[in-house]
Amino acid sequence: MPSPEPAVAAALREHAEDLLTRRSLERAWTAFHHAEAVGADPDRCSAGRWETAMLLGDLESAWRENDVIRRRGSPDPHRFWLQQRIDGKRVIVRCLHGFGDAVQMLRYAPQLRERAAEVIFEVPPRFVPLARCFRGVENVITWGDDTPRPAPAWDVQVEVLELPYLFRTTPAHLPLETHYLALPPEIIASTAQRMGRRERPRVGIVWASGEWNPGRNVPLSLLESLLATPGIEFWNLQGGPAAAEADGLPLRSTQDLRDGLLPLAATIANLDLVLTADTLAAHLAGALGIPSWVMLQHAADWRWMHARDNSPWYPSLRLFRQPAPGDWASVIHRLAHELSSFAPQAHAAA
């Protein structure tokens, strides 16, 4: 157990964390160093510097913070990879976080296959059909009462979010893969048939990303004004309880979206554009190479970095950020302006 933080050190660490939340990143970096120097929890300070570095796109500094944390040896329930070599080994990749995390990081599958003797991907049950569509993913297992077979033998385990650290990824290496999610053509074709004849550009919408971080959710009432944009056919991609909020709105849908993740991906593959909160749809669109405009809260997740309107992880995405915490109105205003010219451009390209 780490020693209790002195009151002054704890206050300085909390100040650094506040600077990080407000995205005053250079000041936060210095403040975390200062707090640690006077006795603040070194792992929490390193974690703060890690997030700061990721937001700044300084991945090399982030990996150095990972190294420092691991050398201190504090227990971490999210740590699976113990920095073993993977060359010639049997590697199991455990996808234990969100579906979007898995979609983003399964791009590393071909690189893993080049070095490891065997790679096994352990994914949640609902993710299994989609997992098999990622380039380089062959051996997929899951868990649950209906999968009683013995666990496979492995030499090295790694959680999927540890893969960028394992490969010491730098911005120069991104994007590692584009169009790395390859859906079966017959599924794309059958989904297109169910969606009907395309007469206008098709735009999918997702406004809620779940309850665990409600700050990511965009009020549907603000998005309603976009649905009046002429020349566009809007499709409801929203999952979960929030999907019912769209009752009565001019949004089309395919009932298959309730059946799993593969139908959602196939629908996105048949769209011209996706407007989405920070959720799975953004990752699916990026992995498929489908244009997507992602609506981000002011303190957006590290994977979207800071103060940029594109993503080195996903070339097909554009990022629309809150200029201040809670200011979705400005985001919607920008989207409305962009949509007004999107339809004519999409028609011209068709």
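The values are calculated or read from the model by the stated rules, or taken from the named source; none is laboratory data. Being a predicted model, the structure only gives us computed values, none of them experimental. Quick reminder, even Gly has a Cβ in these numbers, built from the backbone with ideal geometry, and neighbours come from all protein chains shown. For accessibility, only protein heavy atoms count, side chains too; no ligands or nucleic acids. Shrake-Rupley method; radii C 1.70, N 1.55, O 1.52, S 1.80 Å.
Screening Arg168, Arg113, Arg149 for residues that are open to solvent by 30 Å² or more (accessible area, probe 1.4 Å), part of a loop (DSSP other than H, G, I, E, B) and at pLDDT 95 or above leaves exactly one candidate, Arg168.
Of the residues Thr142, Thr169, the single one that is of a type in the set (Val, Ile, Thr) and within 18 Å of the chain's Cα centre (by Cα) is Thr169. For the range 171-188, filtered to residues that are of a type in the set (A, V, I, L, M) and within 16 Å of Ile290 (Cα to Cα), the residue that is surrounded by the most Cβ atoms within 10 Å (Cβ to Cβ) is Leu181. Of all residues in the range 116-130, those satisfying the criterion of being under 19 Å from the mean Cα position of the chain (by Cα), over 13 Å from Leu96 (Cβ atoms) and either of a type in the set (Val, Ile, Thr) or open to solvent by less than 20 Å² (accessible area, probe 1.4 Å) (or both) are Val128, Leu130. Figure legend. Inter-residue proximity from the range 183-200: first residues under 12 Å from Thr254 (Cα atoms) and without any contact (Cβ under 8 Å) to a residue 60 or more places away in the chain, second residues open to solvent by 100 Å² or more (accessible area, probe 1.4 Å) and among the basic types (Lys, Arg), beta-carbon distance below 8 Å, spacing 6+ or different chains. No pairs are indicated. Answer yes or no: is there a residue in the range 75-91 that is under 28 Å from the mean Cα position of the chain (by Cα) and farther than 30 Å from Val137 by Cα. Among the residues of the range 75-91, at least one is under 28 Å from the mean Cα position of the chain (by Cα) and farther than 30 Å from Val137 by Cα, which makes the answer yes.
Quick one: is Glu224 open to solvent by 30 Å² or more (accessible area, probe 1.4 Å), touching a Leu at 6+ places or on another chain (Cβ under 7 Å) and either assigned to a helix (DSSP H, G or I) or not hydroxyl-bearing (Ser, Thr, Tyr) (or both)? In short, yes.
Reported count of residues in the range 56-87, each being closer than 28 Å to Ala287 by Cα, open to solvent by 30 Å² or more (accessible area, probe 1.4 Å), in a loop (DSSP other than H, G, I, E, B) and not aromatic (Phe, Trp, Tyr), is 6. Here Leu19 meets each of (1) open to solvent by 50 Å² or more (accessible area, probe 1.4 Å); (2) touching a helix residue (DSSP H, G or I) at 6+ places or on another chain (Cβ under 8 Å) with one exception, condition (1).
Considering every residue within the range 96-104, establish whether at least one is under 19 Å from Leu181 (Cβ atoms) and either without any contact (Cβ under 8 Å) to a residue 40 or more places away in the chain or aliphatic (A, V, I, L, M) (or both). Looking for residues that are under 19 Å from Leu181 (Cβ atoms) and either without any contact (Cβ under 8 Å) to a residue 40 or more places away in the chain or aliphatic (A, V, I, L, M) (or both), one finds at least one in the range 96-104, hence yes. In the set (1) part of a strand (DSSP E or B); (2) modelled with pLDDT under 95, Arg194 fails one condition alone, (1).
Screening Arg107, Arg49 for residues that are outside any loop (DSSP other than H, G, I, E, B), open to solvent by less than 70 Å² (accessible area, probe 1.4 Å) and within 24 Å of Leu280 (Cβ to Cβ) leaves exactly one candidate, Arg107.
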